[in-house]
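Engineer: One structure, pasted below without further comment.
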Amino acid sequence: MQRPAVFITLLLIFGICVGSRTKIPIYLTLGTGFLLWVSCFLFVYSYKFSIFFLPCLSVFFVVISIAYYDSRTDFLPTNHIERVLTTHKSLQRITGVIINQPVLLDENTVNKQLLQGKSGQISRKSHYKISFIIRAEEIETASGWKNISGIVKVNIYPSKEEIFKTNNTLPVVNKFVYGQRVTLFGYAFLPKPPGNPYEFDYKSYLQRQMPSVRGLMTVVNTDNIQVRGSYGNNWFYSFIYALNNSLNNTIYTYTFRNSAPLISSMLLGDRANLPNETIDNFMKTGIIHFIAISGFNVGIVVFTVLLPLRFLGINQTLSTLIILLIVTLYTILTGLNPPVLRAGMMAVVFFCSFLVRRQWDITSGIFAAMFFILIRNPSDLFNIGFQLSVLATMGIVYGSLKIEGALFKTALFIETLQVKAERGRLFFLKKYLRKSFCISLAAWLATLPLTAHYFHLFTPFIPITNIIVFPLFWIIIVCGIVLLTLGTICPPLASASAWLASNTDMLLESLVSNLASLPYSYFYVSGPSQTEILLYYLFIVLLLSRNFLSIDLAKIALFGLLSANIFIFSDLFKFTNHSLKITCLDVGHGSAIVIQFPNGKNLLYDVGSWQNYDIGKNIVAPFLWGQHIKKIDLVILSHEHQDHFSGLPSIIERFRVKSVYSQPHLFSSEEGQRILAFLSKKNIRTATLSHGEALKGFEPAVIKILHPLPFVSDVTTINDNSCVIKIEYLGYSIVLCSDIEERGIESILSKSSGIRTDIIQMPHHGSFINNIERLINTAQPTYAFINSCDGITSPKTLDILRRHNIIVLQTHQEGAITFNLDNNGITCTTFDK
């Protein structure tokens, strides 16, 4: 068999995929694997049935791959942390050993940052966080200490006073080293699964790490940490973490204060101090791989080393050995950062295959590297970085030369006819630009659908951007490596390289910021489905293999056009079911309700939360993209509290928003004036809503405004001024009450003729209000839903609803709640957590 590494790796990938989507008992897969192994043994010695050996061996390898994946992900001992904790936060005292320590800056560097923070030279973060990972050993219970197992990620949040007024935390933090045993007191819990469709699955993300993180713990004060004796730690990992800390300190000591975070991110993968604005700019320009340390960095190192080796005329075998040594050292320098480790493994396998076989077999090298990476951690198959790295590598290897031959056919032909003396001074510059463009274009095309699927971004100028940015990035990497190497040996030379790296970094950040601000430099997109992604790559494979498969180019083009038309025009039939769909998303203590009307229009009622993350970016936008919603016809903000509008800027940045309406009290408030100014800059139409109005353009559905009254003096509190709306369709209705309280409810009840409804949003997140039962008696709903979080909803309110036999749904328990109103009645579904 030619290239067995390809066949074996594909079988491993297939087995991992099957294992991730099925729940087959491991004893069954192992038993089946044993029977298949015996069958293979019999087929080898049976000439009559030898034809079945290879199929049987293939099935055996798939079954073993399933069992291997399950044993690495699903097998948990009885005392595992997942069987002890729940998703609800509870105060626990846990003892464990640190197996992944935080970055520990020395006292001089910390004092430098503290002085800059006090003087306002650097921005203070609202939550300073120190993170590390422990292997849990014991947990304190009522009956004493109990042995446990499992991996827990610990987040420590020192107060601002601890960070900026004193440095008392430094002696404690500097003891968080690999192998140190600690006892922690804080809130321990299991990571929650996503509560909304298309939301990022943080729980699965943690579980796919190596080691697999299954629990979380939050410690709010360093006084709640006791440092015990050290565990019998691994000297190799102790050396790596100590080296990584030393290198980080070298960067922060020698480079400019504003450049250190980005340089540290590029060289060592430490993004803790990197501003969010910088990350967003790199993301929008499509070059996030420059700061997300990965295989790209390893490629830069290999390229940098290979150039002088070629120039000095060193033979290929010795050059390969030198490259292997450098790649290994760089992987260690980064603290065995997982993306670099994956890329380093790929480079080592790739170059070792040359040493063994004395010839380049690129395909076998790539698949062999994938095999070893997946054996190390099968869950890496579902890692976005792994997928993008593999696809980008394949795109460059198999596509760049074909693209160059297709786009620059004449130039290549002329070059073959020219002798060296006929080539002009700009020959090598033209060749660099041509090669860089083709390589960048090939990598972009290879990763395009996955980038759009995961990040919902389309960056049309990325091939050109890469050419512009690459030299600056290369200078920073080279100078950074010199700085890290000579930081303690030769400080003057280290200072010179740090100065060059810092100035280049400032130029790079300024350039990227300007590129991100250019019109049409990026677009937010809903992203392709998995079927569309498969068809895209099938089209690429057919295009690259058309000579081997003897397929006419016209037939491949016809296949591509037909596939594109099917998916483009399928959206035309999206609203043929004539239903009204209302989805209340789980955003914690806040509100975000998406309403999709039968005529294809979309309304967003509130978009905010008290959570410390942007729910517009992380929850509402992914849901809208998942529903293939590209524009929002109307946003209604009920009132001016943050938990009802904090996500609005992110929604406006990512979608076409035509109008934003609210009640007059919001727009007349101080917060409302800031919202109006923001909307005015974005050229978004605004208007006020009050009792008695009806919104046009959503027919056949009817939207009525029930509250507030048009005069400010009628109701005084912010919550009681909330905009209450009623939507009617096919004889059914829903009332959205937002945060009205006693006076607001009283105002609505005074006009009780319009309050009768089938579905009601409970006012003020389900808290108890004196006249809430009167509202329920008057409205007589069948369903009541509550958008809240743990500990907010009042038991009294729940008792009232149950006494009236009302179906109660809560987002923090059921996840996102969806109501469908059509000719068949009301259908309710929940996104179960």
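The values are calculated or read from the model by the stated rules, or taken from the named source; none is laboratory data. Nothing here was measured: the structure is a model prediction, and the numbers come from that model. Positions of Cβ are backbone-derived with ideal geometry, glycine not excepted, and every protein chain shown enters the neighbour counts. Remember, those area values only see protein heavy atoms, side chains included, never the ligands or the DNA or RNA. Shrake-Rupley method; radii C 1.70, N 1.55, O 1.52, S 1.80 Å.
Engineer: Within segment 325-342, take every residue that is modelled with pLDDT of 75 or more and in contact with a Gly (Cβ under 6 Å, 6 or more places away or on another chain) and give me the one that is nearest to residue 309 (Cα to Cα).
Structural biologist: Across segment 325-342, the extreme among qualifying residues is 327.
Engineer: Residues that are in contact (Cβ under 8 Å) with a residue 24 or more places away in the chain and under 17 Å from the mean Cα position of the chain (by Cα), at least 1 per element: which helices (runs of 4 or more DSSP H) completely within segment 200-312 meet that?
Structural biologist: 202-207, 276-284
Engineer: Working only within segment 300-338, note down all residues that are of a type outside the set (A, V, I, L, M) and open to solvent by less than 40 Å² (accessible area, probe 1.4 Å).
Structural biologist: Correct list: 304, 319, 320, 330, 331, 334, 335, 337.
Engineer: Then there is this: Hey, residue 598 hits all of (1) open to solvent by less than 20 Å² (accessible area, probe 1.4 Å); (2) within 26 Å of residue 721 (Cβ to Cβ) but one; which does it fall short on?
Structural biologist: If we test residue 598 against (1) open to solvent by less than 20 Å² (accessible area, probe 1.4 Å); (2) within 26 Å of residue 721 (Cβ to Cβ), just (2) comes out false.
Every residue, every condition in (1) farther than 27 Å from residue 330 by Cα; (2) over 29 Å from the mean Cα position of the chain (by Cα), yes or no:
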position: 404; (1), (2): yes, yes
position: 409; (1), (2): yes, yes
position: 425; (1), (2): yes, yes
position: 435; (1), (2): no, yes
position: 444; (1), (2): no, no
position: 466; (1), (2): no, no
position: 503; (1), (2): no, yes
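Engineer: Inspect all residues belonging to segment 666-687 and state whether any of them is of a type in the set (D, E, K, R) and in contact with an Asp or Glu (Cβ under 8 Å, 6 or more places away or on another chain).
Structural biologist: Checked against the condition, which is being of a type in the set (D, E, K, R) and in contact with an Asp or Glu (Cβ under 8 Å, 6 or more places away or on another chain), segment 666-687 yields at least one hit.
Engineer: Still on this structure: Which one of 487, 480 is in contact with a Phe, Trp or Tyr (Cβ under 8 Å, 6 or more places away or on another chain), buried (at least 18 other Cβ atoms within 10 Å of the Cβ) and under 24 Å from residue 254 (Cβ atoms)?
Structural biologist: 487
Engineer: Pull up segment 45-60, narrow it to residues that are among the aromatic types (Phe, Trp, Tyr) and under 18 Å from residue 7 (Cα atoms), then point me to the one that is most open to solvent (accessible area, probe 1.4 Å).
Structural biologist: 52
Engineer: Tell me whether segment 341-355 contains one or more residues that are surrounded by fewer than 14 Cβ atoms within 10 Å (Cβ to Cβ) and either of a type in the set (A, V, I, L, M) or not in a helix (DSSP H, G or I) (or both).
Structural biologist: Yes - at least one qualifying residue is present in segment 341-355.
Engineer: Return the total of residues in segment 202-244 being in contact with a strand residue (DSSP E or B) (Cβ under 7 Å, 6 or more places away or on another chain) and either open to solvent by 60 Å² or more (accessible area, probe 1.4 Å) or not assigned by the TED database to the domain that holds residue 94 (or both).
Structural biologist: 5
Engineer: Has segment 427-438 got any residue that is of a type in the set (A, V, I, L, M) and outside the structural domain of residue 465 (by the TED database)?
Structural biologist: yes
Engineer: Identify, from the list 797, 793, 778, the residue that is more than 35 Å from the chain's Cα centre (by Cα), crowded, with 18+ Cβ neighbours inside 10 Å and free of Cβ contacts under 8 Å to residues at least 40 places away in the same chain.
Structural biologist: Answer to the selection: 797.
Engineer: Please determine whether any residue of segment 746-759 is within 22 Å of residue 668 (Cβ to Cβ) and open to solvent by less than 10 Å² (accessible area, probe 1.4 Å).
Structural biologist: yes
Engineer: Would you check which residues across segment 61-79 are open to solvent by less than 40 Å² (accessible area, probe 1.4 Å) and in contact with a Leu (Cβ under 7 Å, 6 or more places away or on another chain) and list them?
Structural biologist: Within segment 61-79, 62, 63, 65, 67 qualify.
Engineer: Any idea which of 332, 323 is within 36 Å of the chain's Cα centre (by Cα), under 24 Å from residue 238 (Cβ atoms) and not in a loop (DSSP other than H, G, I, E, B)?
Structural biologist: Selected residue: 332, the only one of 332, 323 that is within 36 Å of the chain's Cα centre (by Cα), under 24 Å from residue 238 (Cβ atoms) and not in a loop (DSSP other than H, G, I, E, B).
Engineer: If you take the residues in segment 408-467 that are loosely packed, with under 15 Cβ neighbours inside 10 Å and of a type in the set (Phe, Trp, Tyr), which one is farthest from residue 282 (Cα to Cα)?
Structural biologist: Residue satisfying both the conditions and the ranking: 413.
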